[in-house]
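Engineer: To start, I am sharing the structure in question, which I have written as structure tokens.
The values are calculated or read from the model by the stated rules, or taken from the named source; none is laboratory data. Because the structure is a prediction, the values reported are computed rather than measured. Backbone-built Cβ (ideal geometry, glycine too); neighbour counts: all protein chains shown.
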Amino acid sequence: MIMALGSNYRKRERSVSGKFVRNTGWLIFDKVFHMSLSLLVTGTVSRYLGVEGYGILNYGLAFLEVFTVIAKLGIDGILVNEIIKQREGAARGENDRTEELLGTAILLRFISGFLSIIIIYIFVIVLNPGKVTVLVVTMIQSAALFFTAFDTIDYYYQSKLESRKPVLARSISYPCVCVFRIILVLMKADVSLFGLASVMDALLLAVILMHFYKIQDGLSFRVSLDAAGYLLRHSIHFIAASFLVIIYTQMDRIMVQNMSSEYELGIYSAAMLITNLWIFIPNAILESGRPIAMERKRKGDEAGYERRMSQICGIIQWVSIAAGIGISAFGWLAIRIIYGVQFSVANRVLLVLIWSKLFSQMGAVRSVWMLCEGIEKYIKYFVGLGALINLFLNTLLIPEYGAVGAAIATLVTEVVSSFVATMMWLPTRKFGVIWVKSLNLKRALDI
């Protein structure tokens with residue numbers, strides 16, 4: 001009997017591992033496909049617009065990305081965890097509130113998106129008086145916030161380790177957007193029209209995700225004040241953290257434009273794109289590993305939970321180190337191929353930015369660990385510290401060193417907020433130990 005139980009346990013482990021690998025494979029395929037198209041089209045668009053035009057376009061994108069994070073209200077991790085709990089409860093005969101949670105989350109994000117557009121308008125008017133093109137481009141792009149609320153459906157599939165449908169949705173929507181951007185280049189369109197690409201991407205993705213969710217899976221949405229209160233109460237720490245984290249992950253681009261020039265922002269944005277070329281790999285690993293780790297923790301399987309967290313940490317660390325070495329060596333070539341000679345100086349920025357990603361990935365995994373441990377309140381302390389450091393260093397360095405100064409500020413911020421701060425607070429020191437020990441690559445690969 002003991003042998004039979006052991007055999008069943010091993011079969012379940014292999015099943016979970018197989019599902020993890022398959023789901024991660026779909027996510028990586030999605031990002032590789034997306035990245036390949038993006039590199040081709042971004043190179044074409046950036047060469048057409050020039051450094052300053054590319055800088056203006058990315059200024060609007062910076063605001064869009066900032067407020068996309070804010071509009072999520074910090075409920076993404078909470079929602080995945082809650083949907084898993086609802087599924088387990090339904091298996092025991094309890095009422096399944098998944099549709100209610102999803103519908104309420106979408107409504108909350110739609111409202112926050114609308115409010116975000118108003119705030120963006122005020123910010124751009126105040127920071128860029130008289131710059132009509134900057135205002136028009138940014139406001140067109142910000143309209144995408146109406147439709148990004150439907151990205152919430154993706155978390156339903158994440159919770160089931162079934163990312164195939166969201167991947168297919170993005171694989172349909174993004175090529176359409178790329179074709180649209182190429183048409184604009186051929187038409188020699190004004191930079192403001194390129195802002196429509198962000199809106200088109202969000203709209204098409206929302207329509208396709210809704211098709212999969214409602215038509216193919218036959219599911220619906222419900223809304224309730226009780227669910228809204230529950231989500232907001234449990235995500236309060238993440239709301240504060242999300243607001244603070246964008247200060248030191250996205251505000252650098254806004255500050256470069258306002259404290260230096262559109263040219264410096266174009267250079268910085270080019271380096272940032274190359275820096276993020278590989279990020280889809282650790283993101284896919286974390287998205288697939290998160291529900292498995294959460295499920296282990298909830299079931300009281302501490303050994304299995306710690307093993308999974310250690311594996312996630314180890315794999316992500318070594319992917320980050322390999323990417324850092326590779327991009328440091330060949331990043332200049334990537335800049336030349338994608339952007340052309342006019343962006344060559346971006347390599348100086350790239351050599352600094354790339355190493356900040358090793359530490360930012362540590363922060364991403366730490367957030368999942370803290371949610372599992374029930375100590376998510378500390379997240380706002382870490383990102384608050386990071387925001388203060390980043391704002392101070394950007395203010396100090398950007399006027400003198402431009403894009404390079406912003407890159408240095410980002411690296412220092414990530415080292416302090418992700419690693420140093422983790423070891424400073426006693427409740428989170430355990431994660432720092434897990435992160436260091438997971439450098440054992442052999443253990444990390446033992447899936």
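Engineer: Quickly run through the stretch 161-183 and pick out the residues that are touching a residue at least 60 places away in the same chain (Cβ under 8 Å) and either on the phi < 0 side of the Ramachandran plot or part of a helix (DSSP H, G or I) (or both).
Structural biologist: If the condition is that a residue be touching a residue at least 60 places away in the same chain (Cβ under 8 Å) and either on the phi < 0 side of the Ramachandran plot or part of a helix (DSSP H, G or I) (or both), then 162, 163, 164, 166, 167, 170, 171, 174, 175, 178, 181, 182 are the ones that fit.
Engineer: Would you mind finding the one in 322, 303, 334 that is within 24 Å of the chain's Cα centre (by Cα), small (Gly, Ala, Ser), over 30 Å from residue 48 (Cα atoms) and part of a helix (DSSP H, G or I)? Give the steps one after another, and end with the answer.
Structural biologist: Working: 303 fails: within 24 Å of the chain's Cα centre (by Cα); 334 fails: over 30 Å from residue 48 (Cα atoms).
Only one candidate passes the filter, namely 322.
Engineer: When the stretch 85-110 is examined, which residues are found to be at pLDDT below 75, in contact with a helix residue (DSSP H, G or I) (Cβ under 9 Å, 6 or more places away or on another chain) and under 21 Å from residue 371 (Cβ atoms)?
Structural biologist: 86, 87, 88 - these are the residues of the stretch 85-110 that are at pLDDT below 75, in contact with a helix residue (DSSP H, G or I) (Cβ under 9 Å, 6 or more places away or on another chain) and under 21 Å from residue 371 (Cβ atoms).
Engineer: If you take the residues in the stretch 224-270 that are hydroxyl-bearing (Ser, Thr, Tyr) and crowded, with 24+ Cβ neighbours inside 10 Å, which one is modelled with the lowest pLDDT? Please lay out each step first, then the result.
Structural biologist: Filtering the stretch 224-270 down to residues hydroxyl-bearing (Ser, Thr, Tyr) leaves 224, 230, 235, 242, 248-249, 260-261, 263, 268-269.
Add one more test, that the residue is crowded, with 24+ Cβ neighbours inside 10 Å, and what stays is 248, 268-269.
Details: 248: 60, 268: 88, 269: 84.
Checked the stretch 224-270; the qualifying residue modelled with the lowest pLDDT is 248.
Engineer: So is residue 420 β-branched (Val, Ile, Thr) and surrounded by fewer than 16 Cβ atoms within 10 Å (Cβ to Cβ) or not?
Structural biologist: Yes; evaluated as a whole, the condition is true for this residue.
Engineer: Within the stretch 278-322, count every residue that is of a type in the set (Gly, Ala, Ser) and in contact with a Lys or Arg (Cβ under 7 Å, 6 or more places away or on another chain). Reasoning before the result, please.
Structural biologist: Pass one, the stretch 278-322, residues of a type in the set (Gly, Ala, Ser): 284, 288-289, 293, 300, 303-304, 310, 314, 320, 322.
Those still in the list that are in contact with a Lys or Arg (Cβ under 7 Å, 6 or more places away or on another chain) too: 284, 289, 293, 304, 310, 314, 320.
Residues meeting the conditions: 7.
Engineer: Could you list all residues from the stretch 409-435 that are of a type in the set (A, V, I, L, M, F, W, C) and either under 18 Å from residue 258 (Cα atoms) or touching a Pro at 6+ places or on another chain (Cβ under 8 Å) (or both)? Break it down into steps so the answer makes sense when it comes.
Structural biologist: In the first step, residues of the stretch 409-435 are kept if they are of a type in the set (A, V, I, L, M, F, W, C); the result is 409, 411-412, 415-416, 419-421, 423-426, 431, 433-435.
Listed by number, the list holds a single entry, 409.
Engineer: If you check residue 93 against the conditions, is it at positive phi, free of Cβ contacts under 8 Å to residues at least 24 places away in the same chain and not basic (Lys, Arg)? Give the steps one after another, and end with the answer.
Structural biologist: Numbers: at positive phi: yes; free of Cβ contacts under 8 Å to residues at least 24 places away in the same chain: yes; not basic (Lys, Arg): yes.
Against the criterion (at positive phi, free of Cβ contacts under 8 Å to residues at least 24 places away in the same chain and not basic (Lys, Arg)), residue 93 qualifies.
Matching residues to (1) surrounded by 19 or more Cβ atoms within 10 Å (Cβ to Cβ); (2) at pLDDT below 85:
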position	(1), (2)
313	yes, no
322	no, no
331	yes, no
346	yes, no
353	yes, no
362	yes, no
370	yes, no
381	no, yes
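Engineer: Shifting gears a bit: Considering 296, 336, 366, 307, which residue is closer than 30 Å to residue 437 by Cβ, out of contact with any helix residue (DSSP H, G or I) (no Cβ under 6 Å at 6 or more places or on another chain) and not hydroxyl-bearing (Ser, Thr, Tyr)?
Structural biologist: 307
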